[in-house]
Amino acid sequence: MKQLIFNFDLGEVAQHETKIRRRAFTLPSGDATITTPQDRLAKRNRTIVARYYYWTEIKRRRFDDVMKILSDYDFFVGDRTIQNALVDQDELLHSLLEQRPAAKKLAKLFPCFEWH
């Protein structure tokens, strides 16, 4: 590809060869277990349940405050979607309530959020 470079001081037009630089296409490392949209929704629902546990049990927030945090700040979904996720992932919620993991363990399981 040729590029024209104007030299306004001298009134000349010079031609220079330029190489087109292309970046190598690489895929970011992601979760290899997600292969379908249903897998993506299931993972989102597990994360919603983990955040629900975090806000209610570790941070000791009220239910209505937690629903506001999850819907408006964490996941940008409606209250009904969060409630459906809690029902869908009931076993995970009960196991979290039984095991009572600390925020550090949640950070290892779900590294995409701040768990301080």
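The values are calculated or read from the model by the stated rules, or taken from the named source; none is laboratory data. Just so it is clear, the model here is predicted, and its values are computed rather than measured. Heads up, the Cβs are rebuilt from the backbone with ideal geometry, glycines too, and the neighbour counts pull from every protein chain shown. Only protein heavy atoms, including side chains, enter the accessible area calculation; ligands, DNA and RNA are left aside. Shrake-Rupley method; radii C 1.70, N 1.55, O 1.52, S 1.80 Å.
What are the residues in region 75-92 that are part of a helix (DSSP H, G or I) and either open to solvent by 30 Å² or more (accessible area, probe 1.4 Å) or of a type in the set (K, R) (or both), if any?
Restricting attention to region 75-92, the residues satisfying the condition of being part of a helix (DSSP H, G or I) are 79-88, 90-92.
D79, R80, T81, Q83, N84, V87, D88, D90, E91, L92 - these are the residues of region 75-92 that are part of a helix (DSSP H, G or I) and either open to solvent by 30 Å² or more (accessible area, probe 1.4 Å) or of a type in the set (K, R) (or both).
Which members of region 6-64 meet the condition of being modelled with pLDDT of 90 or more, open to solvent by less than 100 Å² (accessible area, probe 1.4 Å) and over 23 Å from the mean Cα position of the chain (by Cα)?
D64, the sole residue that qualifies.
Within region 102-114, restricting attention to residues that are in contact with a helix residue (DSSP H, G or I) (Cβ under 9 Å, 6 or more places away or on another chain) and over 16 Å from I48 (Cβ atoms), which residue is surrounded by the fewest Cβ atoms within 10 Å (Cβ to Cβ)? It would help to see each step written out before you state the result.
In the first step, residues of region 102-114 are kept if they are in contact with a helix residue (DSSP H, G or I) (Cβ under 9 Å, 6 or more places away or on another chain); the result is 102-103, 105-106, 109-110, 112-114.
Next cut, over 16 Å from I48 (Cβ atoms) only: 102-103, 105.
Working: A102: 9, A103: 12, K105: 13.
Per the stated criteria, the residue is A102.
Given the options Y54, Y73, name the one that is of a type in the set (F, W, Y) and in contact (Cβ under 8 Å) with a residue 60 or more places away in the chain. Give the derivation first.
Working: Y73 fails: in contact (Cβ under 8 Å) with a residue 60 or more places away in the chain.
After ruling out the rest, the residue left standing is Y54.
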